Amino acid sequence: LITSCGTSSKTGKTKRPPKREVTVAFNVKTANNSELNFINMDYYRLQILDKLEDFQTVNFVLVEPDENPEITINLNIDNFVLWPRNEQVSRRVLTRVVQTGTDASGKPIYQTVRASVDIIQLERRSNARMLVDMRIQGTPPKTYKQSFFPRYDYKNVYVDNIQGDSRAVDPSLYFSRNQGMEPDSMDFLFQLSGEMVDRVSRELRSYYRK
């Protein structure tokens, strides 16, 4: 009779301490701008704060300015320009050589196919001026001020109104037929905010990493 026995041990993972919560007042000021009037700035503010919190060693809690926040961020968007939509349509004839089969000896048979298509080129430009004033009431205190002059150009090319053999259209162009939804004012503002978010996030990481 052979009896076997064994022992097992559990290795528990060391739990990381919870991140410290840091209160943040985030104030967004905009000049009298018809495009910005259609943007939900409360939603914009929450989304930007969420992006600022990525990869931080602390958690940010949004509070009002009169609640003694540790961080105060004042963002002034005083020049947001969304240029008119530019659309250009050109009619082109496309040709491609495609394989249609094989002959009796197994050699490929090719055919030249043609199609006429509309090539639509969309472009819309945008630019802004953003001024950031951030103050951290910590030890030591920190102040960060910076102006940004971002620019974002939306471009899209797709085909429509295909007449003839669709195989003549390059697949990469053919599958761009459904252009999808174009960006709205909020999308442009988020794109323009990218550089500002990166710089402010870097300043916050540098401060709270200490």
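Details
- Lone unmet requirement of (1) within 21 Å of M196 (Cβ to Cβ); (2) modelled with pLDDT of 90 or more for E64: (1)
- In segment 1-54, residue modelled with the lowest pLDDT [restricted to those that are in a loop (DSSP other than H, G, I, E, B) and under 30 Å from F80 (Cβ atoms)]: N32
- If you go through segment 73-113 and keep only what is over 28 Å from the mean Cα position of the chain (by Cα) and either within 30 Å of S193 (Cβ to Cβ) or hydroxyl-bearing (S, T, Y) (or both), you end up with S90, T95, T100, T102, S105, Y110, T112.
- Taken over segment 77-102, the criterion of being part of a strand (DSSP E or B) and of a type in the set (D, E, K, R) is satisfied by D78, E87, R91, R92, R96.
- For segment 56-77, a residue qualifies if it is among the β-branched types (V, I, T), touching a Phe, Trp or Tyr at 6+ places or on another chain (Cβ under 7 Å) and either under 11 Å from N27 (Cα atoms) or open to solvent by 40 Å² or more (accessible area, probe 1.4 Å) (or both), and the qualifying residues are T57, I73.
- Residue within segment 69-86 that is charged (D, E, K, R) and modelled with pLDDT of 95 or more present: yes
- Helices (runs of 4 or more DSSP H) contained entirely in segment 103-210, each with at least 2 residues that are open to solvent by less than 30 Å² (accessible area, probe 1.4 Å) and touching a residue at least 24 places away in the same chain (Cβ under 8 Å): 185-192, 194-208
- Failed condition for S166, given (1) farther than 30 Å from L52 by Cα; (2) within 23 Å of the chain's Cα centre (by Cα): (2)
The values are calculated or read from the model by the stated rules, or taken from the named source; none is laboratory data. All figures in this text were calculated on a predicted structure; none of them were measured in a lab. Don't worry about glycine lacking a Cβ; one is built from the backbone with ideal geometry, like all the others, and counts go over all protein chains shown. The accessibility values were calculated without ligands, DNA or RNA, using every heavy atom of the protein model including side chains. Shrake-Rupley method; radii C 1.70, N 1.55, O 1.52, S 1.80 Å.
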